[in-house]
1. Pulled fully out, how much extra length does the chain show between residue 133 and residue 50, if you take 0.36 nm times their separation in residues and subtract their Cα-Cα distance?
2. Run the simple label-point estimate for residue 265 and residue 209 please: 7 Å along Cα→C-beta, distance reported in nm.
3. What is the order of 366, 54, fewest Cβ neighbours within 10 Å to most?
4. Among 129, 134, which comes first, second and so on when ranked by fewest other beta-carbon atoms within 10 Å?
5. Would you kindly state how much longer the chain becomes between residue 341 and residue 39 on full extension, computed as 0.36 nm times their sequence separation minus their alpha carbon distance, in nm to one decimal?
6. Which FRET efficiency value, to the nearest 0.05, do you get for residue 356 and residue 330 by plugging their Cβ-Cβ distance into 1/(1 + (r/R0)^6) with R0 = 25 Å?
7. How would you rank 189, 281, going from fewest to most other Cβ atoms within 10 Å of each one's own Cβ?
8. Pulled fully out, how much extra length does the chain show between residue 124 and residue 89, if you take 0.36 nm times their separation in residues and subtract their Cα-Cα distance?
């Protein structure tokens, strides 16, 4: 008990242990099949580099792109990588909470218990997500011996082999085509960050600003949580939602969005626009390159879109909405529509002005109305 003062607010080791224990087993493959899948994914990741760079006309601005490792991982490996990323991003907020805890009588004991509880909760969340992610360009996590990163500050590209195999079997598509198709999407993310040096720090600063605005006063947080519960279950007695209020409630369905401060909503609006751009750009590139190198791309795209929209069942859909994953699906759709509209109007080089600086990133409103971004960035500059 004497060491409780140094206990972290989240027991990260317990989070990993919980997720690893709860994670679903992947599809059955022989050892020989597994080796072949890993080798093929690495080959496709390497081949995707040139395809994406040629199509997007973006190339690494420094050594970051050349030293970014490609890691083919299983579900527990994905969990460990993301715990490292969460720990890195959340450290300023957790330090702030630690300082507050030190002034509360019995805070050390409360913190130790709370860290265990939070560790289990984080582990349960990661267990749920670990069977759904096909790939990820991990931007912020520090390098470790088990999960290396770029030597010059670059990230790492994760490909979750069991999930890729599971989806290709579920969709009954050509496995070799599907694996390359997935790699094209994830390689686009790696290209975005390695070709645009300021992008990583910009997103990190936005996330840190969001966390700094978090109100750690328990009574205030509980009050917002109570309001969030009312929003999820309906209005207060005697009140009826109508018009814009009902639409806004439908839009703000996730836990994350419902406990925000007004300042956080502004930051999240900017982050949503950036993430819509990145995800939409990756989808656009994946479809643009696909017909040249993926023979069955039309079939894959059609089946994958149906799967992405439907979810796996009622419980899965409820969890997606509660965790904000439905917003992720909108980012793919709205972002891809934005990129396509801009490229159609001003060409790929014209679209690439979006990477000039944070000031040329689209706003959330411009994602919905691409012509406004073209007018602001192109016509004003011209």
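1. Stretched fully, the residue 133-residue 50 segment lengthens by 27.5 nm.
2. Inter-label distance under the simple model: 1.7 nm.
3. So the ranking, lowest neighbour count to highest, is 54, 366.
4. So the ranking, lowest neighbour count to highest, is 129, 134.
5. So the chain would gain 105.0 nm between residue 341 and residue 39.
6. 0.45
7. 189, 281
8. 10.7 nm
Since every read-out is calculated from the coordinates, none of them should be taken as a lab result. Everything numeric in this text was worked out from a predicted model, so none of it was measured. Cβ: placed from backbone, ideal geometry, glycine included. Neighbour counts: every protein chain shown.
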